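Beneath this line is the structure, given in structure tokens, with notes to follow.
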Amino acid sequence: MSYFPDSQNQNLHAFAFSHRRSEQMRMNHKPAVIWMTGISASGKSTIADALDIALQEQGRITAIIDGDSVRGGLCRDLGFTDSDRDENIRRVAEVARLMLDAGLVVIVALISPSSASRHYARSIIGNEYFVEVHVDAPLETAEQRDPKGLYKKARAGLIKNFTGIDSNYDVPVFPEVHLNTQALSVAQSVAAILDWVAHNDDRT
Ligand code: ADP
């Protein structure tokens with residue numbers, strides 16, 4: 001069942017993020033856009049959720065832009081052709097930049113399969129603020145996890161243009177952070193991103 005009945009896509013599942021904003025304080029932290037790319041079920045939403053909590057515990061003001069949520073609202077007119085995927089990423093990058101300008105640490109969890117469009121997003125956001133995180137899992141592992149049952153549907157031909165099945169995923173060549181989710185726990189993945197964020201604070 002889709003949580004977004006108005007969307008063209010009936011395979012959207014809103015991730016139940018653990019927003020905890022009540023005790024946030026504005027501190028001298030550098031804003032950033034943490035752009036998590038990876039195939040479906042690689043762990044983007046799961047890690048984004050834990051990362052969000054960890055960043056807030058450091059006193060950072062955060063926001064999450066999740067692919068499925070965006071496709072239910074801001075981008076509900078878009079499908080999964082290459083040009084629609086590019087437009088989806090463009091809109092997300094523009095919104096992320098607005099949030100960046102407001103001083104937030106923005107976590108984007110989006111398959112973003114094309115390296116050209118990720119490059120475009122980086123150019124919209126600015127290299128200095130863009131942290132590309134490759135959330136990596138082999139297709140077989142993602143397919144075994146399949147928490148939303150989407151691979152099963154794609155294999156049955158019920159979903160077209162599904163990344164990894166009948167649509168390409170360009171593996172990031174030089175991401176700022178590479179997470180092998182077969183080897184790393186969610187907590188270890190979060191720690192790796194936090195390391196980068198701390199390092200980024202120190203950059204001028
Ligand atoms: P995505 O947002 O990339 O589509 P999800 O976070 O929705 O992926 O789903 C990933 C699934 O894989 C979840 O059910 C999660 O519990 C599971 N999982 C198993 N091991 C890991 C890991 N090491 N890191 C992240 N997710 C993992």
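Before moving on, here are some points about what is shown:
- Share of carbon and sulfur in the accessible heavy-atom surface of the chain [1.4 Å probe, %]: 52
- Between the range 89-111 and the range 137-199, the C-alpha centres lie 20 angstrom from each other.
- Angle between the chain longest axis and helix 82-101 axis [Cα atoms, degrees, rounded to 10]: 20
- Computed with a 1.4 Å probe over protein heavy atoms only, the accessible surface of the chain comes to 49 Å² per residue.
- Cα-based helix-to-principal-axis angle, 115-125 vs the chain, degrees rounded to 10: 30
- Viscosity 0.692 mPa s, 37 °C: Kirkwood-radius Stokes-Einstein D of the chain over Cα pairs, µm²/s: 191
- The angle separating the long axis of helix 186-202 from the principal Cα axis of greatest extent in the chain is about 50 degrees.
- Charge dipole magnitude, Cβ of K and R +1, D and E -1 - the range 20-199, Cα centre, debye nearest 20: 340
- Entry note, the chain: relative contact order of 28 percent, from Cα contacts under 8 Å with a spacing of 6+ residues.
- Estimated 222 nm signal from helices in the chain, with DSSP H stretches of n ≥ 4 weighted -39500 (n - 2.57), rounded to 500: -12000 deg cm²/dmol
- Protection proxy ranking, peptides 186-196, 58-68, average beta carbon neighbours within 10 Å, highest first: 58-68, 186-196
The values are calculated or read from the model by the stated rules, or taken from the named source; none is laboratory data. Nothing here was measured: the structure is a model prediction, and the numbers come from that model. Neighbour counts run over all protein chains shown; Cβ positions are idealised from the backbone, glycine included. Calculation scope for accessible area: heavy atoms of the full protein, side chains included, ligands and nucleic acids excluded. Shrake-Rupley method; radii C 1.70, N 1.55, O 1.52, S 1.80 Å.
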